[in-house]
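The values are calculated or read from the model by the stated rules, or taken from the named source; none is laboratory data. Here the structure is a predicted model, which is why all the values come from computation and not from measurement. Ideal geometry is used to build each Cβ from the backbone, glycine not excepted, and the neighbour counts take in all protein chains shown. Ligands, DNA and RNA are excluded from the accessible area calculation, which covers all protein heavy atoms including side chains. Shrake-Rupley method; radii C 1.70, N 1.55, O 1.52, S 1.80 Å.
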Amino acid sequence: MSLAELSAKELLSIITHVKQWVGNLRRAKQQRKQESKQALRAVISAVRETTVYLRSLKQGGNKSIDKEERLSLKWTQLAFALEDLGLHKLAGRCSMKGRYWANPADFDTDFLEQAGMRLSDIETLAQTSLAELE
């Protein structure tokens, strides 16, 4: 069947369907972009929260299992969100941070350095990804 054989009603129905499909596609892309921005900003917030906790420890503050549990869960949840968005490299680093805060004794500093686990590395990767979305 060619386009010439379609009635005006059928042609209008096809055009309407295509317009709706394109509109939905644009909204989905915009929603994914917004979700990516939110996740990347949450990574930067987690970096800052973790930095404050580490500074507290360096200044003689008490170690807190509760804070470390919250950090572990926060980093793990971020890893899941980033994985869902296809940001695999950053998700892997966040996952490792979550595992680290669950039990820091399982990791040595050499491994953490090689794995790009420094907070500054993670923040830089998040900032770079965020800039690419803009």
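Looking across 92, 86, one residue alone is at pLDDT 90 or above and not in a helix (DSSP H, G or I). It is 86.
Residue count for the range 44-62 satisfying the condition of being in a loop (DSSP other than H, G, I, E, B) and either among the hydrophobic types (A, V, I, L, M, F, W, C) or open to solvent by less than 100 Å² (accessible area, probe 1.4 Å) (or both): 2. I'd like to know if the range 63-76 contains one or more residues that are at pLDDT 90 or above, farther than 25 Å from residue 130 by Cα, part of a helix (DSSP H, G or I) and open to solvent by less than 50 Å² (accessible area, probe 1.4 Å). There is at least one residue in the range 63-76 that is at pLDDT 90 or above, farther than 25 Å from residue 130 by Cα, part of a helix (DSSP H, G or I) and open to solvent by less than 50 Å² (accessible area, probe 1.4 Å). Residue check: residue 93 meets all listed conditions (1) more than 16 Å from residue 127 (Cα to Cα); (2) in contact with a helix residue (DSSP H, G or I) (Cβ under 6 Å, 6 or more places away or on another chain) but one, namely (1). In the range 95-115, of all residues being at pLDDT below 90 and outside any helix (DSSP H, G or I), the one that is nearest to residue 42 (Cα to Cα) corresponds to 115.
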